[in-house]
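Taking it in order: structure first as structure tokens, then the write-up.
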Amino acid sequence: MKAVITVIGRDTVGILAKVSSACAEKGANIIDVTQSVMRDMFTMIMLVDIDGLTSDFSDLSSSLEALGEEIGMKVHVMHEDIFNSMHRI
Amino acid sequence: MINTKDILETINMIDNENLDIRTITMGISLLSCADSDAKRAAEKVYDKITRSAEGLVAAGERIERTYGIPIINKRISVTPVSMLAAASGGDPTVYARTMDRAAKELGVNFIGGYSALVHKGFSAGDRELIASIPEALSETEFVCSSVNIGSTKSGINMDAVALMGEAVVRTARLTADRSCIGAAKLVVFMNAPEDNPFMAGAFHGPGEPDLVLNVGVSGPGVVRAAVAKHPDADLSVIADVIKKTAFKITRMGQLVGTVASDMLGVPFGIVDLSLAPTPAVGDSVAHILEEMGLETCGVPGTTAALALLNDAVKKGGVMASSHVGGLSGAFIPVSEDAGMIDAARDGTLTVEKLEAMTAVCSVGLDMIIIPGDTTAETVSAIIADEAAIGMVNSKTTAVRVIPAIGKNVGDELEFGGLLGSGPVMKLNDAKSSARFVRRGGRIPAPLQSLKN
């Protein structure tokens, strides 16, 4: 199973590093990352494998959302199925 | 990897356009709880509801966390209680109190099914249940009530219409100290669907399985935002845009329903494709109509715009879901829709225009606040008119009006929460309908051919 992590906000140093280490800590394996910066606005989308999570999904999302608040970014963690079902026939 | 644009679109819909799952509603059959002893029946009802829906709220919360999609309400609908009252006799309010206790224990938002189906006539328990509705709704917090007074195949039971006018007024009076809130939890139906997940009209029809899970989606804000991206497009394009948006919204409902039914081990029933507004800014059906080009909801053209919207929502949603049911269409509850509230306040939206709108949208005269001195006969006559529209057009219609006791046109009534607030609207009732209503009897079922 995979989840999509999105991070949106003002660009600062070390966002990718902080989010990646939080993922590693919870056992989420990063498969793909795409990011862009437009006029200081940072958008990163990360696809992670969640089969090897050390705790449950809810714990991963709360810790990443808390990290987001700490660094002033909006973080969403969502199961990939929601995007697959909404955007694919 | 999934398309970046699609991911950001979904997140934008949830964060900025109020996309949500409005409700997951578990339908529970109480037929196995019928007993000649009301007290014993009530115990069985409590046990069955609390046992069957034990994991409902937790499952809903887990889905919210996993998919990042808010699920606003977790609800329960049960078999029309008049059927239990038929077996036990006695005062049916014991069942209302039991339902309320079970809802509180489970932490659900509402429990519906304090209901009777009397479209052709009254059987044992029906009259008692209707007579007890005002007390039941004034003594409970979570219970919702509905009564089906007619159908296209059986006509309109005008004796029941007369009783329901009285029930609406008395319910408002008994809850006058709480903004007449009881009347907001009472729906009078024509052609009531048996699998509707939306309150206040949800009940678990006798043709349904023992347990079932139904999902109601929402998303007027998303549709409005999609229409706003095409300010100069013609209406064919607008209909397509709405269809595509409705498809996406419904797919989400289908996903949530499937996952929830797996988690709970309860069969998945239907997705109700409704655009259900909330009083929040940006979550209004009226604003979609205004985005289409009407200055204010209620001006000439409103009925046509609503017909387009309602049809496009269904066309888009049907393909996205394996089973569609319930009410499925655009809701137009005045006090729950910021745009409708504004239009009613400035007088552009009238009760008569709303009545016309109900001929082309999913439900009926919904959450309309009327003067507190409105007579029961006038409420009955409003119910009869609305029922006639549903009967002739083979569609569901309903009336949920709230007589604002002690208030008149120009005043406002505030319910709070999803029920919202709104102005008292003027009725055309200077002259009386009483003699027509008092005749009683049945309006025969209409001809289904020679349609003109």
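Annotation note: of B:TYR95, B:TYR46, B:TYR67, the sole residue that is of a type in the set (Ser, Thr, Tyr), within 14 Å of another protein chain (Cβ to nearest Cβ) and in contact with a helix residue (DSSP H, G or I) (Cβ under 7 Å, 6 or more places away or on another chain) is B:TYR67.
The rows are residues; the columns are (1) assigned by TED's automatic domain parsing to the domain that holds B:THR171; (2) among the hydroxyl-bearing types (Ser, Thr, Tyr); (3) buried (at least 16 other Cβ atoms within 10 Å of the Cβ); (4) touching a residue at least 24 places away in the same chain (Cβ under 8 Å).
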position: B:MET367; (1), (2), (3), (4): no, no, yes, yes
position: B:PRO403; (1), (2), (3), (4): no, no, yes, yes
position: B:GLY406; (1), (2), (3), (4): no, no, no, yes
position: B:VAL424; (1), (2), (3), (4): no, no, yes, yes
position: B:LEU427; (1), (2), (3), (4): no, no, yes, yes
position: B:ILE443; (1), (2), (3), (4): no, no, yes, yes
position: B:LEU447; (1), (2), (3), (4): no, no, no, no
position: B:LEU450; (1), (2), (3), (4): no, no, no, no
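Inclusion of B:MET319 among residues that are touching a residue at least 40 places away in the same chain (Cβ under 8 Å) and in a helix (DSSP H, G or I) is warranted. Listed by position, the strands (runs of 3 or more DSSP E) enclosed by segment B:355-449 that each have at least 1 residues that are farther than 21 Å from B:THR175 by Cα are B:397-404. Among the residues of segment B:127-155, those that are surrounded by fewer than 24 Cβ atoms within 10 Å (Cβ to Cβ) and either farther than 14 Å from B:ALA96 by Cα or touching a residue at least 60 places away in the same chain (Cβ under 8 Å) (or both) comprise B:ARG127, B:SER151, B:THR152, B:LYS153, B:SER154, B:GLY155. The set of residues from segment B:258-294 being small (Gly, Ala, Ser) and outside any helix (DSSP H, G or I) comprises B:GLY265, B:GLY269, B:SER274, B:ALA276, B:ALA280, B:GLY282, B:SER284, B:GLY293. Residues being at pLDDT 90 or above and farther than 23 Å from B:ILE21 by Cα are represented in segment A:58-65 by at least one member.
Scanning segment B:170-210 for residues that are under 23 Å from B:GLY416 (Cβ atoms) and in a loop (DSSP other than H, G, I, E, B) returns B:THR175, B:SER179, B:CYS180, B:LYS185, B:PRO197, B:PHE198, B:MET199, B:ALA200, B:GLY201, B:ALA202.
For segment A:67-87, enumerate the residues that are touching a helix residue (DSSP H, G or I) at 6+ places or on another chain (Cβ under 9 Å) and more than 8 Å from every other protein chain (Cβ to nearest Cβ). Full working, then the answer.
Step one: list which residues in segment A:67-87 are touching a helix residue (DSSP H, G or I) at 6+ places or on another chain (Cβ under 9 Å), which gives A:67-68, A:70-71, A:73-79, A:81-87.
A:LEU67, A:GLY68, A:GLU70, A:ILE71, A:MET73, A:VAL75, listed by residue number.
If you go through segment B:174-188 and keep only what is in contact (Cβ under 8 Å) with a residue 60 or more places away in the chain and over 16 Å from B:PHE142 (Cα atoms), you end up with B:ALA176, B:VAL188. In the set B:SER145, B:SER115, B:SER123, only one residue is out of contact with any strand residue (DSSP E or B) (no Cβ under 7 Å at 6 or more places or on another chain) and outside any helix (DSSP H, G or I); that residue is B:SER123. Filtering B:ALA86, B:ALA58 for residues that are within 13 Å of chain A (Cβ to nearest Cβ) and either surrounded by 17 or more Cβ atoms within 10 Å (Cβ to Cβ) or not hydroxyl-bearing (Ser, Thr, Tyr) (or both) leaves a single hit, B:ALA58. With the condition kept exactly as written, say whether any residue in segment B:7-15 is away from chain A (no Cβ under 14 Å) and either in contact with a Pro (Cβ under 6 Å, 6 or more places away or on another chain) or surrounded by 24 or more Cβ atoms within 10 Å (Cβ to Cβ) (or both). Checked against the condition, which is being away from chain A (no Cβ under 14 Å) and either in contact with a Pro (Cβ under 6 Å, 6 or more places away or on another chain) or surrounded by 24 or more Cβ atoms within 10 Å (Cβ to Cβ) (or both), segment B:7-15 yields no hits at all. Restricting segment B:250-266 to residues that are within 14 Å of B:PRO70 (Cα to Cα) and at the interface with chain A (Cβ under 10 Å from one of its Cβ atoms), the residue that is surrounded by the most Cβ atoms within 10 Å (Cβ to Cβ) is B:GLY253. Considering segment B:95-112, and only residues there that are outside any loop (DSSP other than H, G, I, E, B) and of a type in the set (A, V, I, L, M, F, W, C), the residue that is surrounded by the most Cβ atoms within 10 Å (Cβ to Cβ) turns out to be B:ILE111.
The set of residues in segment A:10-66 that are within 14 Å of chain B (Cβ to nearest Cβ), β-branched (Val, Ile, Thr) and in contact with a helix residue (DSSP H, G or I) (Cβ under 9 Å, 6 or more places away or on another chain) comprises A:ILE30, A:VAL33, A:THR34, A:THR43, A:ILE45, A:VAL48, A:ILE50.
The values are calculated or read from the model by the stated rules, or taken from the named source; none is laboratory data. On a predicted model such as this, the values are computed, not experimentally measured, just so you know. Every residue, glycine among them, receives a Cβ derived from its backbone with ideal geometry; neighbour counts consider all protein chains shown.
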